[in-house]
Every structure is written in C-alpha cells, then in structure tokens.
Amino acid sequence: MGKRVAVVLAGCGVFDGSEIHEASAVLVHLSRAGAEVKIFAPNIEQMHVVDHLKGSPSEEKRNVLVESARLARGDIQDLAELKVGEFDAIIFPGGFGVAKNLCSWAVEGKNCTVNNLVKSTLKAFHSAKKPIGLCCISPVLAAKVFPGCEVTVGHNRNVDGRFPDAETAAAIEELGCKHICKDVSEAHVDSANKIVTTCAFMCKAPLHQIFYGVGAMVTEVLKLA
C-alpha cells in the first residue's frame with residue numbers, strides 16, 4: 001500500500017504563492033511512487049497579490065486556500081482539517097507564498113513568525129516522528145520551528161552566480177541550525193529530525209535539474225515514512 005502524504009500549498013504563483021513547477025514536481029514524483037496524496041492550504045488572506053506579468057503588487061486581495069485550489073484542481077482541504085494520524089509524511093513546496101503567507105520571512109527574515117496553524121502542523125508531524133519534506137525557501141519553516149535542525153537551501157556562497165539568495169543560509173545558521181551545502185539535484189536528510197530538504201529554485205538551474213532535486217527529496221521522505 002502506498003504511503004499517505006499531505007502536501008501543503010501557499011497560494012498559486014511564485015511571487016505570492018506556491019511555485020507551480022515545484023508543486024507539480026512534488027505531485028508527479030509522489031504519483032510515480034504510488035503515494036496517496038491529499039492537498040491542504042490555510043484558509044487565510046494572502047499577504048498581497050503580485051501581478052506576475054509586471055512583477056509588482058496589485059490592489060487585489062486573494063485567499064490562500066482559494067488560490068491553492070487552482071493547483072490542486074479543486075481537490076483541496078483547509079489545513080485546519082488535517083489530521084496527522086491519517087498521514088505518513090508531509091511536504092511543503094516552495095515559492096514566495098511560503099515566505100509571505102505561511103510565515104513572514106520575506107519581510108522580517110530570521111526574525112519572522114510562522115503562521116500558528118503551520119507551526120502546530122509541523123510540530124505534530126515532528127512529535128509523531130513522521131518525515132517532513134521542504135524545498136526552495138520552505139526549509140526556513142523548519143529553521144524557525146525546530147532549532148538545531150539541519151537543512152539546505154543550496155549553497156552559502158553565490159557560486160558562479162547560481163545561488164543569488166545564498167545569504168539565506170547564513171540567516172538559518174544564525175537561528176542555531178546547521179546549513180548543509182547541496183547542489184540543485186541533491187537533497188539533504190536530517191535523520192534525527194526526519195527533515196528532508198532540497199534547494200529547487202533557490203538555485204538558478206535548468207528546470208529538469210530542479211525536477212530531479214525535488215524527486216530526490218520526495219524519495220528520501222518516502223524512505224523515512
């Protein structure tokens with residue numbers, strides 16, 4: 001029987017929600033592995049709405065659950081309805097929605113707060129010793145919630161211009177966590193905490209390499225489940 005995995009979204013679109021390619025990659029790899037997947041998102045208002053054509057905020061207001069339903073093809077539930085006992089693992093794709101809607105990292109960096117429901121969900125999986133998968137910017141959720149954990153967001157230096165957000169690694173270490181440098185196609189496993197991370201679009205890389213890295217993360221999550 002396939003593993004039961006919860007996937008948590010943060011909206012729809014890289015600049016104000018979940019990164020669509022990452023979310024799709026997570027779902028494709030889980031499908032290939034025969035996992036039973038249910039998708040969730042918090043029923044909250046987005047921090048703001050970004051016009052993805054212009055790259056600038058608009059005056060609209062949108063709801064994270066409603067927007068995430070676009071990615072989930074309508075098959076989605078309020079995160080408040082998630083029951084940890086019904087799942088073997090949980091995965092958070094990245095995108096600025098994680099740093100804007102699920103926490104306030106985009107505005108406050110390492111001094112951010114994590115949405116209470118997101119925090120309690122992460123802690124519940126951790127307490128139950130069930131694996132947590134995170135990619136792109138979403139490892140900062142673990143860094144805030146689980147001091148001392150190990151994660152990767154790629155490299156701690158902007159190697160060949162491929163890691164423009166390398167300072168995130170330093171911020172993670174300032175929180176008392178250990179940042180592990182990994183390339184885009186790799187994942188890091190914190191066995192003690194059952195946290196699996198990969199950098200995805202934190203690295204400037206061809207899409208297929210990001211797809212491989214997300215696949216590595218999903219594979220390791222399922223091994224731990």
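The values are calculated or read from the model by the stated rules, or taken from the named source; none is laboratory data. If you're wondering where the values come from, they're calculated on a predicted model, not measured in any experiment. In this analysis, Cβ positions are derived from the backbone assuming ideal geometry, glycine residues included, and neighbour counts consider all displayed protein chains. Just the protein is used for accessible areas: all its heavy atoms, side chains included, with ligands, DNA and RNA removed. Shrake-Rupley method; radii C 1.70, N 1.55, O 1.52, S 1.80 Å.
Per-structure values
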| quantity | calculated |
| --- | --- |
| The chain - accessible surface per residue (Å², probe 1.4 Å) | 44 Å² |
| Pairs of alpha carbons in segment 87-128 whose separation is greater than 17 Å (percent) | 35 percent |
| Per-residue [θ]222 nm for the chain (sum of -39500 (n - 2.57) over DSSP H runs n ≥ 4, rounded to 500) | -9000 deg cm²/dmol |
| Computed FRET value (nearest 0.05) for residue 111 with residue 70, which takes r as the C-beta separation and R₀ as 30 Å | 0.45 |
| Mean separation of Cα contacts under 8 Å (6+ apart) over length of segment 107-155, as relative contact order % | 34 percent |
| Whole-Å distance, taken between Cα centres, linking segment 68-140 and segment 1-57 | 10 Å |
| Relative contact order [Cα under 8 Å, 6+ residues apart], the chain, whole percent | 20 percent |
| Of the DSSP H helices in the chain, those whose Cα atoms cover at least 20 Å axially and whose Kyte score averages -1.0 or more | 207-224 |
| Given 83/204; 54/83; 130/182; 61/223; 54/130; 3/54, the pairs whose alpha carbons are separated by over 32 Å | 83/204; 54/83; 61/223; 54/130; 3/54 |
| Unit charges at the beta carbon, dipole of the chain: most positive-side option, 40, 209, 158 | 40 |
| Carbon and sulfur %, accessible surface of the chain computed with the full protein complex present, 1.4 Å | 49 percent |
| Mean projected area (nm²) of the alpha-carbon convex hull when segment 7-109 is viewed from all directions | 6.8 nm² |
| Semi-axis lengths (Å, descending) of the ellipsoid that matches the C-alpha gyration tensor of segment 144-186 | 19, 11, 6 |
| Sequence-distant residues sharing a close amide H with residue 58 (under 5 Å, placed H) | 49, 50, 51 |
| Kirkwood Rh in Å, taken over segment 91-189 so that all alpha-carbon pairs contribute | 13.5 Å |
